[in-house]
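S.K.: Below is one structure. I have some questions about it.
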Amino acid sequence: NTLDSMMEALFSTGPSGVIQSVNRAATLVTGYEAEELTGRYLDTLFLANDESRPADQWIQELRSNGTVAQEERWLLTKTGDRVPVVFSASLLQHDARQREPGMVCLVLDITKRKQFEKELAKARDEALEANQLKSEFLATMSHEIRTPLNGILGLTALMQDTELDEEQTEYVSSAHSCGQSLLKIINDVL
């Protein structure tokens, strides 16, 4: 049967929203047997999540437009678990004897996608935290290294303004020059 080979769960209802038929994917995702699903109201299987609308709103949209755009919802399983799904619905063609048509709903389990999104968000948060720690480390190191080095450069500059013999002047000048070179390297690194 073609319907049973679909990845999406399919629910077909009458005009009042009572489930008339389902495919195999619907039984797998809900945990109910087909006989347990038929006769139930479709909206009792779905809960709104933070991003979706209450059932009466999507039913009103369905009656007005003939379709409901895909939206994320929670599906309640037989065991009471909530499964994240993408839900869409369309009105069925109806004959003149029916005042209102039934509907067909397609439901795709997005548990793996949600898990991947959660792992991706966690990895992003960890990368942001590592970047923040790196920035804090560099700021600390910059202060801890530059402060004594600036002291050395200041003192050697002061020493150059004092009376020194030729050998002392050469040593102080070399120390000051090395300190400036070291400061340039530290600035480039940090």
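The values are calculated or read from the model by the stated rules, or taken from the named source; none is laboratory data. Given the structure is predicted, the values throughout are model-derived calculations rather than measurements. For neighbour counting, all protein chains shown are included, and Cβ atoms are generated from backbone atoms with ideal geometry for every residue, glycine included. Only protein heavy atoms, including side chains, enter the accessible area calculation; ligands, DNA and RNA are left aside. Shrake-Rupley method; radii C 1.70, N 1.55, O 1.52, S 1.80 Å.
S.K.: Identify all residues within the range 161-178 that are part of a helix (DSSP H, G or I) and open to solvent by 80 Å² or more (accessible area, probe 1.4 Å); write none if there are none. It would help to see each step written out before you state the result.
M.R.: Initially, the range 161-178 is screened for residues part of a helix (DSSP H, G or I), giving 166-178.
If the condition is that a residue be part of a helix (DSSP H, G or I) and open to solvent by 80 Å² or more (accessible area, probe 1.4 Å), then Glu166, Glu167, Gln168, Glu170, Tyr171, Cys178 are the ones that fit.
S.K.: Let me ask another. Here are Gln115, Gln132: which of them is under 36 Å from the mean Cα position of the chain (by Cα), within 30 Å of Glu8 (Cα to Cα) and assigned to a helix (DSSP H, G or I)?
M.R.: Numbers: Gln132 fails: within 30 Å of Glu8 (Cα to Cα).
Within the list Gln115, Gln132, the selection yields Gln115.
S.K.: Further question on the same structure: Does the range 18-25 contain any residue that is at pLDDT below 85, outside any loop (DSSP other than H, G, I, E, B) and touching a Ser or Thr at 6+ places or on another chain (Cβ under 8 Å)? Quick ask: steps written out before the conclusion?
M.R.: Applying the first criterion (at pLDDT below 85) to the range 18-25 yields none.
No; the residues of the range 18-25 include none that is at pLDDT below 85, outside any loop (DSSP other than H, G, I, E, B) and touching a Ser or Thr at 6+ places or on another chain (Cβ under 8 Å).
S.K.: While we're here: Out of Arg124, Arg63, report the one residue that is assigned to a helix (DSSP H, G or I), over 15 Å from Val18 (Cα atoms) and modelled with pLDDT of 80 or more.
M.R.: Details: Arg63 fails: modelled with pLDDT of 80 or more.
Result of the check over Arg124, Arg63: Arg124.
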